[in-house]
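FYI, it's all coordinate maths here, none of it is from the lab. Values in this document were obtained by computation on a predicted structure and should not be read as measured data. Every residue, glycine as well, gets a Cβ built from its backbone with ideal geometry; the counts of neighbours run over all protein chains shown.
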Amino acid sequence: MNGVLVVDKPGGWTSHDVVARVRRVLKVKKAGHGGTLDPLATGVLPIYLNEATKLVPFNLEGTKEYVATLRLGQETDTLDADGEIVAETRELLLTREAIEDALQAFRGEIRQRPPVFSAIKKEGVPVYRKARAGEKPLLNERTAIVHSLVLREFALPHATIAVTCGRGTYVRSLAADIGRALGCGAHVAQLRRHRSGLFTLDQAVTLEELANRAERGTIEEKVLLPKDSIDLAAWIQVRPETAERIRQGKPLRLEDLAGSERGCFKKGQRVGIGAGPRDLVAIAEVPMTDTPAAPALRILRVFHP
């Protein structure tokens, strides 16, 4: 079974817990997740199965969509409801207009400091381990992209926001920064991911549905083909002998491509090479150079049936 299964992660589970459950239920040799979700968070968690685990590095750049409920007036050490309260504002005098005004500063390119309770490694050790041991590792600020930030609901002491953002954006840090901008502090009380790159909640299965479908033998209906699990500029079908050569590690030659496909791609584009309409043989990239020695397409990753 090769492909991507989109799971609706339940609250209280780590991403690793979900991978372990999927591997056990489906009896697959290899499985990995794309984009960690905090234990408190729910929603879209793509699980890559067997050969499809090779797709993970290509999908980390995808846009993410979240809906987060902020608890205004309280700061926690983890920046979410799982942590200990470290500061609290007893009297909240906030209006919807004040929150709308504060959100304006957090759209577009922003700077934020990742949470110390995160999987980022410092000196080879995940910083959350250092934090749990009582250390206070200092993480540098990073640039993040917030494409869209909308206030959906407001009823003190809570505000619900919808966030569309790029890779590496921490919603917990965003919530804490919004709280500081409002002068009262805030943390994430609830967080749900609605989209991660190509994958959406509409495609997702719950862990209960996973078990039921596996028992009935219908789970493969929910597993996305590798070719449908990556954003490609084009799909090129090659002859079986060419596909075999690629899988043996040999370069793709210009004569391996149909005449209409030669020179019709832009430099740097990623294309899929298939041995038919469904079988992904390789992901390739159009070379950035025009030298005679450059291959027709540079093979980035090869997939085996």
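A few remarks follow.
- Relative contact order of the chain, pairs being alpha-carbon contacts under 8 Å that are 6 or more residues apart, as %: 21 percent
- Note on segment 1-111: Cα-only Rg and Dmax are 18.4, 55 Å.
- Projected area, mean over directions - the chain, Cα convex hull, nm²: 19.0 nm²
- Where only DSSP H runs of four or more residues are counted, the chain gives -5500 deg cm²/dmol as its mean residue ellipticity at 222 nm, each run worth -39500 (n - 2.57).
- In sequence order, segment 168-180 has phi-based couplings of x, 8, 9, 5, 4, 5, 4, 4, 5, 5, 5, x, 5 Hz under the Karplus curve 6.51 cos²θ - 1.76 cosθ + 1.60, θ = phi - 60°, and Gly or Pro positions carry x.
- Segment 121-267 pair-distance distribution - Cα-Cα, 5 Å bins, rounded %: 2, 6, 9, 11, 11, 10, 12, 12, 10, 7, 5, 3, 1, 0
- Given +1 at the Cβ of Lys and Arg, -1 at the Cβ of Asp and Glu and no other charges, the dipole of segment 64-196 around its Cα centre is 640 debye to the nearest 20.
- Scaled to the globular estimate 2.2 N^0.38 Å, the Cα spread of segment 58-149, given as radius of gyration, is 1.28.
- Calculated Rg and Dmax of segment 10-52 using C-alpha coordinates, Å: 10.1, 30
- Reachable lysines from residue 30, criterion Cα separation under 20 angstrom, eight or more residues apart if same chain: 9, 54, 222, 227
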